[in-house]
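**Student:** Below is the structure I would like to discuss, written out as structure tokens.
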Amino acid sequence: MDQSKQEEEYGYDLFPERKTGNKTGKSIAQSLFTFNHKCQVMLQFATETSPYAKLLLSAMKSSGCKVLKERHFSCEDCDGTVSGGFDADSSQIVLCQNNIHQQSHMNRVVTHELIHAFDHCRAHVDWFNNFRHLACSEIRAANLSGDCSFSNEVSRFNFGLKQHHQECVRGRALRSILAVRKISREEAVKIVDEVFHTCFNDHEPFGRIPHGKKDAGFAYRDYENRDRYYANL
């Protein structure tokens with residue numbers, strides 16, 4: 001596929017370092033004082049301490065898709081409108097080092113993109129040609145990552161509406177699709193509506209909607225103890 005066409009149709013223009021030859025190596029001395037070093041440190045902390053990330057990493061390993069920090073994560077400079085992305089072509093999670101400045105933000109982005117990676121691992125997702133597959137994963141990522149938690153919505157001055165969590169998930173999934181695919185808003189809304197119920201109620205691998213770090217911790221504990229539970233049946 002023509003490079004410019006790929007960038008235009010699949011959102012690669014939001015991640016300029018994804019372009020062939022644009023990514024340059026840096027020495028350790030240089031990286032110590034850059035966004036890249038800070039990104040790497042926050043990524044390490046997220047994968048070691050966030051119950052969301054730990055559960056997803058464990059679930060992917062159990063599914064035969066072990067995630068390696070050096071291979072499957074890449075801290076890069078991105079367009080100012082995005083915080084991260086999942087590059088299905090390389091099975092790599094992109095973390096936007098110039099747009100992620102707080103650990104809580106890093107935790108959410110890592111979780112969100114790991115949900116896409118988990119979906120890529122467990123299902124035959126046609127990311128580039130089937131908009132319903134893309135919409136389903138975006139719904140799941142918004143629903144399960146903490147993107148729409150009460151505290152995050154309050155910080156955005158969005159709260160108080162009936163079924164607010166569902167509307168937040170719907171809205172964030174819609175914005176994600178429009179950011180990376182050249183389709184009309186009307187078509188994107190229709191696609192999200194068609195798959196919303198099924199995908200919103202798919203809570204794998206959490207087994208529930210984790211409405212906060214404590215709840216995610218319980219989900220991680222239950223996941224780690226699942227074999228002990230089934231062995232006693």
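The values are calculated or read from the model by the stated rules, or taken from the named source; none is laboratory data. Treat the numbers as computed from the prediction; the structure is a model and nothing was measured. We place every Cβ from the backbone using ideal geometry, glycine too, and count neighbours over all the protein chains shown. What goes into the accessible areas is simple: the full protein's heavy atoms, side chains included, and nothing from ligands, DNA or RNA. Shrake-Rupley method; radii C 1.70, N 1.55, O 1.52, S 1.80 Å.
**Student:** To the nearest 10 square angstrom, how much accessible area does Val195 have with a 1.4 angstrom probe?
**Tutor:** 20 Å²
**Student:** Relative contact order for the range 34-106 using alpha-carbon pairs under 8 Å, separation at least 6, rounded to a whole percent?
**Tutor:** After rounding, I find 32 percent.
**Student:** So for His197, His124, what's the accessible-area order with a 1.4 Å probe, most first?
**Tutor:** His124, His197
**Student:** Here is a further query. So for Ser90, Ser104, Ser50, what's the accessible-area order with a 1.4 Å probe, most first?
**Tutor:** Descending order: Ser104, Ser90, Ser50.
**Student:** Now a separate question. What list of ³J(HN,Hα) couplings, whole Hz, do you get for the range 197-203 from phi and the Karplus terms 6.51, -1.76, 1.60, once you set θ to phi - 60° and write x for glycine and proline?
**Tutor:** Listing the rounded values in order: 4, 5, 6, 5, 8, 8, 9 Hz.
**Student:** Could you please report the charge total around Ser145, scoring K, R as +1 and D, E as -1 over all other residues with beta-carbon less than 10 angstrom from its beta-carbon?
**Tutor:** That sum, taken over residues with Cβ under 10 Å, equals +1.
**Student:** Another question, if that's okay. With all protein chains present, calculate the accessible area of Arg185 using a 1.4 Å probe and round the result to the nearest 10 Å².
**Tutor:** Arg185 has an accessible surface of roughly 130 Å² with all protein chains in place.
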